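A short write-up of the structure that comes next.
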Amino acid sequence: MSAVSIIAENIEDCDGQVGILSGIAYLPNEIADFIQNKVPSFKLIYSKTTSSKYYGNTCPKCGVLSGDFHLHSEPGAPFFPTTEEEARMLYLKPVPINEPVKVKAGIGFGIGEMILEHAKRI
Ligand SMILES: [Zn+2]
């Protein structure tokens, strides 16, 4: 199945650092629409693990949430590449917005740079 993650290339609250977002509780509609247009299974859904709603990756067939913890938190997980080879297995697509946006999410640091450098741009 397809899984989506968002890399923020310039986080104002964090001195312009690159970060990977997870547990995204709020996204502007223009970004959510852009992503859902390509990957409809990325949606705002309730997680029993976190007891909260966030934009997560769901199974297109049965709707079950593939939780961000499993996608982000373990080294070697899809959105936690530990080698250039793992980063190269990811695809990057820019979201066509040119203005700062506000999101509500957790942020992971230290991995985004490698993904930006090595993932395939589509
Ligand atoms: Zn399923």
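Tell me, Met89, Met114 in order of fewest to most beta-carbon neighbours within 10 Å? Provide the component values of the computation, followed by the final result.
Details: Met89 12, Met114 18.
Ranked by crowding around the Cβ, least crowded first: Met89, Met114.
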(request) With unit charges on the beta carbon (Lys/Arg positive, Asp/Glu negative), name the residue among Gly110, Gly16, Leu44 whose Cα is farthest towards the positive pole of the charge dipole of the chain. (result) Leu44
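What dipole magnitude, in Debye to the nearest 20, does the range 6-121 give about its Cα centre under +1 on Lys/Arg Cβ and -1 on Asp/Glu Cβ?
Details: 11 positive and 14 negative charges, 142 e Å.
So the magnitude is around 680 debye.
Could you tell me which of the pairs Lys61/Lys102; Lys48/Lys93; Lys38/Lys61; Lys53/Lys120 are separated by over 28 angstrom between their Cα atoms in the structure shown?
Working: Lys61/Lys102 31 Å; Lys48/Lys93 30 Å; Lys38/Lys61 16 Å; Lys53/Lys120 30 Å.
Distance filter (> 28 Å) returns Lys61/Lys102; Lys48/Lys93; Lys53/Lys120.
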(request) Between Ser66 and Ser52, with labels modelled 7 Å along Cα→Cβ, what's the label distance in nm to one decimal, could you check? (result) 2.3 nm
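What FRET efficiency would be calculated for the residue pair Asn98, Ser2, taking the C-beta separation as r and a Förster radius of 30 Å, to the nearest 0.05? Intermediate values should be presented prior to the final figure.
Working: r = 26 Å, r/R0 = 0.86.
The calculated FRET efficiency here is 0.70.
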(message) So for the chain, averaging the separation of alpha carbon pairs under 8 Å that are six or more residues apart and normalising by length, what relative contact order in percent results?
(response) 29 percent
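Give me Phe79, Phe42, Phe69 ranked fewest to most by other Cβ atoms within 10 Å of their Cβ, as a rough exposure proxy.
On the way: Phe79 24, Phe42 21, Phe69 14.
Taking fewest neighbouring Cβ atoms as first place, the list is Phe69, Phe42, Phe79.
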(message) Given points 7 Å out from each Cα along the Cα-Cβ axis, report the Ile122 to Gln17 separation in nanometres with one decimal.
(response) 2.9 nm
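Stretched out fully, how many nm does the piece from Lys38 to Glu9 gain, at 0.36 nm a residue minus the Cα gap? Show your work: numbers first, answer last.
Working: separation 29, 0.36 × 29 = 10.44 nm, distance 2.08 nm.
Stretched out fully, the Lys38 to Glu9 stretch lengthens by 8.4 nm.
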(request) Could you list Asp13, Asp68 in order of exposure, starting from the residue whose Cβ has the fewest other Cβ atoms within 10 Å? (result) Asp13, Asp68
(request) Within the range 44-81, list the trypsin sites (Lys or Arg not before Pro) lying in a DSSP loop whose Cβ has at most 14 other Cβ atoms in a 10 Å radius. (result) Lys48, Lys61
(message) Can you say what percent of the DSSP beta bridges in the chain, counting only those with both residues inside, are antiparallel? Round to 5.
(response) 90 percent
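Rule-based calculations on the coordinates, nothing more; no lab input. Here the structure is a predicted model, which is why all the values come from computation and not from measurement. When we count neighbours, we look across all protein chains shown, and the Cβ atoms used for this are built from the backbone with ideal geometry, even at glycine.
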